[in-house]
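Have a look at the structure below before the remarks.
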Amino acid sequence: MQCVILAGGLGTRMRPRTETVPKSLLDVAGRPFVDHQLAWLASHGVDDVVLSIGHLGEQLEAHVGDGARFGVRVRFVSEGSVLRGTAGALRLAAEAGALAEEFLVVYGDSYLPIDFGAVGAAFRGSGASALMTVFHNEGRWDTSNVVFDPAAERIVVYDKQRKLRPLEEFRYIDYGLSAFRRSVLEEGVPAGQRYDLADVFRELSLRGELAGFRVTERFYEIGSPEGIAELERYLGGT
């Protein structure tokens, strides 16, 4: 099972620390965050990782190496200094020949305490072009942006602007783990242009091609000092 980690961002909310260290290498509970992330992926059946890097990516490449000490194979695709957005980064990885026909995607600042193998299996069984994991949010952690049909296990609408449906219908939020067929990127994302996954998800949902997987465990992130502190408390209790 392959998972792409999108780790090329500037980490602006964590400046000045991220001016000299990429966000994925920030210390969390005494270890670089990426160590926790790769260990979790390996424990859930992921054996092939593509790290999409950009800002200070050479540090991340030097630290992770080939991934063998984490129990995974790691390859790197660098955006260099011209960031292409989340979907653009995946398109670049496809052009580099790094993507499997089906793969998972997670963000480089997210720690998601769920079974990645179960999500991969759900995607393969869905027959959909892509899958989004969702959390029943009701506005608790961030702005809810998903209308989800649990019975059909389909995303009815993904809309960050929340203009396509009445506000009260948006009860779920994108959890941060998704799955794709490579053809979605090759056919739907322009080469060499900045493009965001939010636009890809929106179009797929409107075409009825976006499966949904409901998650009940909250997510953690290292995009803020508060987020790091919460994750450290969680890791300290596991």
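Things worth noting here:
- Considering only residues in the range 120-171 that are hydroxyl-bearing (S, T, Y) and either farther than 22 Å from Y220 by Cα or touching a Cys at 6+ places or on another chain (Cβ under 7 Å) (or both), the one that is surrounded by the fewest Cβ atoms within 10 Å (Cβ to Cβ) turns out to be S126.
- Pairs are defined by a Cβ separation below 7 Å, a sequence spacing of at least 6 or placement on different chains, a first member in the range 103-126 that is among the acidic types (D, E), and a second member that is surrounded by 21 or more Cβ atoms within 10 Å (Cβ to Cβ) and not in a strand (DSSP E or B); the pairs so defined are D109/K23; D109/I222.
- When each of V49, V34, V21, V82 is tested for being part of a loop (DSSP other than H, G, I, E, B) and within 20 Å of Y220 (Cβ to Cβ), the lone residue that passes is V21.
- Yes/no for G30 being in contact with a Phe, Trp or Tyr (Cβ under 9 Å, 6 or more places away or on another chain) and at positive phi: no
- Failed condition for R194, given (1) among the charged types (D, E, K, R); (2) at pLDDT 85 or above; (3) within 14 Å of N145 (Cβ to Cβ): (3)
- Scan of the range 149-181 for residues that are under 19 Å from the mean Cα position of the chain (by Cα), under 19 Å from R124 (Cα atoms) and of a type in the set (A, V, I, L, M, F, W, C), ordered by number: I155, L177, A179, F180
- Enumeration of residues in the range 12-39 that are within 15 Å of the chain's Cα centre (by Cα) and either closer than 17 Å to F103 by Cβ or at pLDDT below 90 (or both): K23, S24, Q37, L38
- Matching entry among S224, S178 (being in contact (Cβ under 8 Å) with a residue 60 or more places away in the chain and within 20 Å of V46 (Cβ to Cβ)): S178
- D27, sole failed condition from (1) surrounded by fewer than 17 Cβ atoms within 10 Å (Cβ to Cβ); (2) touching a His at 6+ places or on another chain (Cβ under 7 Å): (2)
- Enumeration of residues in the range 148-197 that are acidic (D, E) and within 20 Å of V105 (Cα to Cα): E153, D159, D174, E186, E187, D196
Residues checked against (1) under 16 Å from M1 (Cα atoms); (2) of a type in the set (A, V, I, L, M, F, W, C):
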site: F33; (1), (2): no, yes
site: D66; (1), (2): no, no
site: S81; (1), (2): no, no
site: E101; (1), (2): yes, no
site: S129; (1), (2): no, no
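- Filter result for the condition that a residue is within 15 Å of the chain's Cα centre (by Cα), of a type in the set (S, T, N, Q) and modelled with pLDDT under 95, over S144, S78, S110: S110
The values are calculated or read from the model by the stated rules, or taken from the named source; none is laboratory data. All of these numbers come straight from a predicted model, not from anything done at the bench. Ideal geometry is used to build each Cβ from the backbone, glycine not excepted, and the neighbour counts take in all protein chains shown.
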